[in-house]
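**Student:** Once you've had a glance at the structure underneath, I'll fire off some questions.
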Amino acid sequence: MGYGSEQPTGETSHGVYRTTPARTGKMLVIMFGIIIVGGAIFFSMWDYWICCPAPVVAMMAGEDGPTESAVFTGDILSQDLSFIESSDFRTLAFNALPGESGNNPSIQMSVGDKVVFNVDNAGRSFHSFGVTANDEGFSGVVPGSDIGTASNPLKPGEGGTSEFIAGEEGIFYYICTVPGHREQGMVGQIIVGDVSAPVMEPKVVEEVMEPKVVEEVMELESTPVEFSGVISLPMGSGAPGCDDTNECYIPFNTSVSEGEEITWSNDDTAPHTVTSGPPGSPDAIFDSGMLMAGDTFSVTLDDSGEYPYYCMVHPWMTGIISVN
Ligand SMILES: [Cu+2]
């Protein structure tokens, strides 16, 4: 039976369409043209595609966070920033301490410009980075400008990059987003457009601690108190001041027996650590890692002796374990 005889219409030789090499070539040219033009449009908008997280991500980043995405249209600036600390950890800053040149450098940019931050933690404490429009506090961090978070900060020696695109005129602030660190001096201005920047009060190293008083307090409070269930990291220990009375860990000096389990409880709202060693010099005997609000940490020490410890986030917080 022949092929053609099955066609119900009776057509026998025109059922299969054929093309010519010339027509195939033309089709390929049109297809490649579409791909090239479409690709050019797509990649020319690359900065737009990658500039900002999806709106839902931006919404989750903070209740008062910006919801509009800024579009990069201008120049790219680069800014190196290092987290640094005074030796007593009371004064914090970027690049240089207050009064020294290069302290918390101001950044001037135009609407649509992008600043790329190269940030490193040159301190001995924990820090994290972000840009906010809020003139106080640590919230409202612009999505994409953040490096680390208060609960997952940069450890000493760590670093990262981020970027900020100025979507509108005004004053923005780059800050350490660890609660309290901005207030201790880790903040600089980003001046966008032709606006007059408010004069930032230079962070003053206010109280020069009288060493004699501190010694007295230390003597007074450092009599070991027998461990009774839990050592508290009290509310408010994330701000300097609790060290004036040795009340950053309560009790300040805790005595335990060899092999007795010791437990700490973070009763503050801020994250803290319980890290053995003198402030800024962890000795790796014990380390809680980040303790969130309400978290506890336990350790057992088998050798008698005095074990100083501190908080990596707030190195003015110190305590002592005396093992008998
Ligand atoms: Cu910090």
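**Student:** Across the range 102-135, what is the total count of residues that are more than 16 Å from the ligand (Cβ to nearest atom) and touching a residue at least 12 places away in the same chain (Cβ under 8 Å)?
**Tutor:** Here the count works out to 16.
**Student:** In addition: Please verify whether T161 is assigned by TED's automatic domain parsing to the domain that holds A70, among the polar types (S, T, N, Q) and exposed (fewer than 15 other Cβ atoms within 10 Å of the Cβ), treating the condition exactly as stated.
**Tutor:** When the stated conditions are applied, T161 passes them.
**Student:** Then there is this: Taking the stated definitions as given, is V274 under 21 Å from the mean Cα position of the chain (by Cα), within 15 Å of V230 (Cα to Cα) and more than 16 Å from the ligand (Cβ to nearest atom)?
**Tutor:** yes
**Student:** Is one or more of the residues making up the range 267-276 part of a strand (DSSP E or B), among the polar types (S, T, N, Q) and within 22 Å of T177 (Cβ to Cβ)?
**Tutor:** For the range 267-276, residues part of a strand (DSSP E or B), among the polar types (S, T, N, Q) and within 22 Å of T177 (Cβ to Cβ): present.
Let's see how each residue does on (1) more than 25 Å from K155 (Cβ to Cβ); (2) exposed (fewer than 13 other Cβ atoms within 10 Å of the Cβ); (3) not β-branched (V, I, T):
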position: E226; (1), (2), (3): yes, yes, yes
position: I262; (1), (2), (3): no, no, no
position: T273; (1), (2), (3): no, no, no
position: G280; (1), (2), (3): no, no, yes
position: A284; (1), (2), (3): no, yes, yes
position: D287; (1), (2), (3): no, no, yes
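**Student:** Of (1) among the small types (G, A, S); (2) more than 23 Å from G180 (Cα to Cα); (3) assigned to a loop (DSSP other than H, G, I, E, B); (4) modelled with pLDDT of 90 or more, S255 satisfies all except one. Which?
**Tutor:** Result: S255 fails condition (3) only.
**Student:** Do you know which of the residues in the range 67-101 that are aliphatic (A, V, I, L, M) and outside any loop (DSSP other than H, G, I, E, B) is nearest to the ligand (Cβ to nearest atom)?
**Tutor:** Filtering the range 67-101 for residues that are aliphatic (A, V, I, L, M) and outside any loop (DSSP other than H, G, I, E, B), the one nearest to the ligand (Cβ to nearest atom) comes out as L92.
**Student:** Considering only the range 162-196, state which residues are among the polar types (S, T, N, Q), over 14 Å from the mean Cα position of the chain (by Cα), more than 10 Å from the ligand (Cβ to nearest atom) and at pLDDT 90 or above.
**Tutor:** Q189
**Student:** Which ones in the range 140-161 are within 15 Å of the ligand (Cβ to nearest atom) and over 11 Å from the mean Cα position of the chain (by Cα)?
**Tutor:** Result: P156, G157, E158.
**Student:** Within the range 289-317, can you find the residues that are in a loop (DSSP other than H, G, I, E, B) and crowded, with 19+ Cβ neighbours inside 10 Å?
**Tutor:** Scanning the range 289-317 gives L301, C311, M312, V313, H314, P315, W316, M317.
**Student:** Right, another one. Which residues, taken from the range 243-252, are outside any loop (DSSP other than H, G, I, E, B) and either touching a Lys or Arg at 6+ places or on another chain (Cβ under 8 Å) or crowded, with 22+ Cβ neighbours inside 10 Å (or both)?
**Tutor:** Listed by number, the list holds a single entry, D243.
The values are calculated or read from the model by the stated rules, or taken from the named source; none is laboratory data. These numbers were taken from a predicted model, which means no experiment stands behind them. All Cβ positions, glycine included, derive from the backbone under ideal geometry; neighbour counts span all protein chains shown.
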